[in-house]
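One structure is given here, and the rest of the page talks about it.
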Amino acid sequence: MAVAVNSSMACLLLLIFSHATVVHSQVDVSYSVEFSNECSDKDTLGPITISTPIYSTVLEVLQLSVDTGGRSYRFSASYFEPFDDNGGPGGYFIDAINGTTSDDTCSWFFYIRLPSGIEFKPNIGVSLFRITGEDFGVIMRFESFQNVEEQNVTQPVIDEGTIRLITTNYMIEFPDSQCSDKSSLSEQVTIRANSPAQYVMQNAADQFGSSYRFSATYFGSELGYFINTLNGVSSENNCFWIYFIGLPDGSESKATLGISSYRVPADDYSIIWRFMQTEPEEPSEMPDNAIVLQLLTLPSIFAVSMLVAYLF
């Protein structure tokens, strides 16, 4: 039986993890998907046990759940930048899990169950909350907005050593007039060295708005992400989004790793997306463990920002 906890208790419970050095040990996390009676008559999924590196985010746990549990744990998420001067809320929003989509009365919220059995809803999102030890539980719950009460938490400050920032060139190009007559876009994006190419795309959407909005489908750990839409242009009629890596010396080549796997090592590298005619490089059928991930900017999501669980 879960035990409720008030704001001060939750803060105190997590304060002992307030500073941590990055390590690579694995921990087991219990993950389940629940549906409140007033919102859905679906049965609970799980719990399943997920092995993940310590200090993983809840978002990473959700992603691993698709590899572990398959089609039933598939989820869709939207991403947008902070919408006020104070920097929040923003980031990822869970739109749907197991084919159940947020609506005007019910939405997806995440809860944490501590090893002691205490359960609470953090006041931060799934890409901020980190798993700090063994036997934590993560619960995604589809419920009415009226039932949700957030608790303040203190999260670990991860000692990542010296952080080196680099500048990456990011381009969206339309070289094939038979696919699109749109004009190309180009910006310089600041990221941490060795960040995945996906972070370049996220930061571009944050910094430069809806022109850099994109949606992607995740085909599991082996196949990674397939870009469906970028700059409002969707793959169709043998025209697809293909990305290239540009080196500081001006040379470039088609990427051989997905956007979540390729890491940008230094200044003056380029991430280049081209919309062009080519054979699709996605599976002929969507596998059981596919995730749809939509990254959006403020204009398209502000109206529903209070209807979904925020996950910065």
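I need the full set of residues from region 233-261 which are within 15 Å of Trp273 (Cβ to Cβ) and touching a Ser or Thr at 6+ places or on another chain (Cβ under 8 Å), in order please.
Val233, Ser235, Cys239, Phe240, Trp241, Ile242, Phe244, Ile245, Gly246, Glu252
Output yes when any residue across region 48-65 is open to solvent by 60 Å² or more (accessible area, probe 1.4 Å), within 29 Å of Thr105 (Cβ to Cβ) and not in a strand (DSSP E or B), and no when none is. Walk me through how you get there before you give the answer.
Going through region 48-65, the residues open to solvent by 60 Å² or more (accessible area, probe 1.4 Å) turn out to be 49, 51, 60.
Retained after the next criterion (residues that are within 29 Å of Thr105 (Cβ to Cβ)): none.
Within region 48-65 (the criterion being open to solvent by 60 Å² or more (accessible area, probe 1.4 Å), within 29 Å of Thr105 (Cβ to Cβ) and not in a strand (DSSP E or B)), the answer is no, since none of the residues qualifies.
With Ser270, Ser253, Ser261 as the choices, which residue is under 21 Å from Ser221 (Cβ atoms), open to solvent by less than 80 Å² (accessible area, probe 1.4 Å) and of a type in the set (S, T, N, Q)? Walk me through it before giving the result.
Working: Ser270 fails: under 21 Å from Ser221 (Cβ atoms); Ser253 fails: under 21 Å from Ser221 (Cβ atoms).
Matching residue, one of Ser270, Ser253, Ser261: Ser261.
Given the structure, is Ser180 surrounded by 13 or more Cβ atoms within 10 Å (Cβ to Cβ) and either under 30 Å from Ile97 (Cα atoms) or of a type in the set (A, V, I, L, M, F, W, C) (or both)? Working first, answer last.
Values: surrounded by 13 or more Cβ atoms within 10 Å (Cβ to Cβ): yes; either under 30 Å from Ile97 (Cα atoms) or of a type in the set (A, V, I, L, M, F, W, C) (or both): no.
Spelling it out, it is not the case that Ser180 is surrounded by 13 or more Cβ atoms within 10 Å (Cβ to Cβ) and either under 30 Å from Ile97 (Cα atoms) or of a type in the set (A, V, I, L, M, F, W, C) (or both).
Do any strands (runs of 3 or more DSSP E) lying entirely in region 210-286 carry at least 3 residues that are modelled with pLDDT of 90 or more, and which ones are they? Break it down into steps so the answer makes sense when it comes.
Details: elements: 214-218, 225-230, 239-246, 252-254, 270-277.
Output list reads 239-246, 252-254, 270-277.
Within region 201-249, which residues are among the β-branched types (Val, Ile, Thr) and farther than 30 Å from Gly70 by Cβ? Give the steps one after another, and end with the answer.
Applying the first criterion (among the β-branched types (Val, Ile, Thr)) to region 201-249 yields 217, 227, 229, 233, 242, 245.
Across region 201-249, the qualifying residues are Val233, Ile245.
Here is a check on your reading of the model: is Tyr31 touching a helix residue (DSSP H, G or I) at 6+ places or on another chain (Cβ under 6 Å) and at pLDDT 80 or above? Walk me through it before giving the result.
Working: touching a helix residue (DSSP H, G or I) at 6+ places or on another chain (Cβ under 6 Å): yes; at pLDDT 80 or above: yes.
When the stated conditions are applied, Tyr31 passes them.
Look through region 67-100, keep the residues that are under 17 Å from the mean Cα position of the chain (by Cα) and among the hydroxyl-bearing types (Ser, Thr, Tyr), and return whichever of them is modelled with the highest pLDDT.
Tyr73
Taking the stated definitions as given, is Gly246 small (Gly, Ala, Ser) and open to solvent by less than 40 Å² (accessible area, probe 1.4 Å)?
On the way: small (Gly, Ala, Ser): yes; open to solvent by less than 40 Å² (accessible area, probe 1.4 Å): yes.
Criteria met by Gly246.
The values are calculated or read from the model by the stated rules, or taken from the named source; none is laboratory data. This is a predicted model, so every value here is computed, not measured. Cβ coordinates were reconstructed from backbone atoms using ideal geometry, including for glycine residues, and neighbour counts include every protein chain displayed. The area values use the complete protein model at the heavy-atom level, side chains included, leaving out ligands, DNA and RNA. Shrake-Rupley method; radii C 1.70, N 1.55, O 1.52, S 1.80 Å.
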